[in-house]
Amino acid sequence: MLKILGCRGTNSVYGKGFNKYGSYTSSLISVHNDTAILLDMGTGVQSLSSEEINNIREYNIFFSHIHWDHLIGILGFKPIFHNNVKLNFYLSKNYNFSTLEEFLGNIYKPPFFPVSVEVFKAKLSFNILEERKKYIFNGSELTYIDGNHPNTSKIYKLNINGITYIYATDYEHSPSSDEELIAFAKGADFLIYDTTYLPEDYEGKMDGVSKRGWGHSTYVKGCEIAKKANVKNFVLFHHNPEYDDNILEKMHLMSLKKCPNSIIARDSMII
């Protein structure tokens, strides 16, 4: 199974009107025995319960990219301070970090955070993603391709007990990248896709600001890709923090008209 810890984009949101679909930013987790695969570390990782944390001894952490909303949950991430836990970080070579100290040292440092990497107790490893490599953890297989997003991104395919998930967040549709994504997602059980903008918002018709080139997509384009890839379930993800529950509900209903297999993500959802 795959659990959605957070499904918002850009920043967390709280308060009336934002309770149904969630407040945390992007993070997903799959746990088998005492080993976890984490996709992104948005604020969603803060929703892990003490029981869940206590039962996990190894985290394999893959980032779609390292914009703040997908990374900020690492600040104060409790397992990093436990000496009986191992954290394996996997990062694209495009970011030009060669060591873990170089990567984490840019996050945990004054004046942005009061403690430095010297206080960590967990066993940490740093791995550069190799081109087209397959990773296997307790039988779960993970592969990836490049996405279409500013400062680069990765799209992941995760096969867990015969169920195939495609994690395509922070992705902007384009003719060339869509074809690669369609081929990569062919026949998948779930396509978790970036639906940050309503089509009219993407085009700038709502506020006069076009979102072209910002690295995000719409449910309409996602439905087109889902149909061409013949995926079983299309999951709306990376919810715009400006969209409250009512707007997201309407988006889901419009998506269902185009793709009857549409599901809208929410915090703590298990798929």
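FYI, it's all coordinate maths here, none of it is from the lab. These numbers were taken from a predicted model, which means no experiment stands behind them. Using ideal geometry, Cβ is built from the backbone for each residue, glycine included, and neighbour counts are taken over all protein chains shown.
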The stretch 206-261, residues that are exposed (fewer than 14 other Cβ atoms within 10 Å of the Cβ), within 23 Å of residue 181 (Cα to Cα) and not basic (Lys, Arg): 213, 230, 260
statement: (1) surrounded by fewer than 19 Cβ atoms within 10 Å (Cβ to Cβ); (2) part of a strand (DSSP E or B) all hold for residue 155 apart from (1)
- prompt: How many residues does the stretch 173-195 contain that are surrounded by 15 or more Cβ atoms within 10 Å (Cβ to Cβ), part of a loop (DSSP other than H, G, I, E, B) and either in contact with a Lys or Arg (Cβ under 8 Å, 6 or more places away or on another chain) or without any contact (Cβ under 8 Å) to a residue 40 or more places away in the chain (or both)?
  reply: 3
task: Report, by residue number, each residue of the stretch 11-53 that is of a type in the set (S, T, N, Q) and crowded, with 18+ Cβ neighbours inside 10 Å.
output: 12, 23, 25, 26, 27, 30, 43, 46, 47
query: Under the condition of being within 14 Å of the chain's Cα centre (by Cα) and more than 23 Å from residue 58 (Cβ to Cβ), which residue from the stretch 158-172 is surrounded by the fewest Cβ atoms within 10 Å (Cβ to Cβ)?
result: 166
task: Being within 21 Å of residue 7 (Cα to Cα), without any contact (Cβ under 8 Å) to a residue 60 or more places away in the chain and either surrounded by fewer than 19 Cβ atoms within 10 Å (Cβ to Cβ) or not β-branched (Val, Ile, Thr) (or both) is the filter here, so list the residues in the stretch 54-68 that pass it.
output: 59, 68
field: Which numbered condition residue 121 fails, given (1) surrounded by 17 or more Cβ atoms within 10 Å (Cβ to Cβ); (2) within 20 Å of residue 77 (Cβ to Cβ); (3) basic (Lys, Arg)
entry: (1)
Given (1) in contact with a His (Cβ under 7 Å, 6 or more places away or on another chain); (2) part of a helix (DSSP H, G or I); (3) not small (Gly, Ala, Ser), index of the condition residue 227 fails: (1)
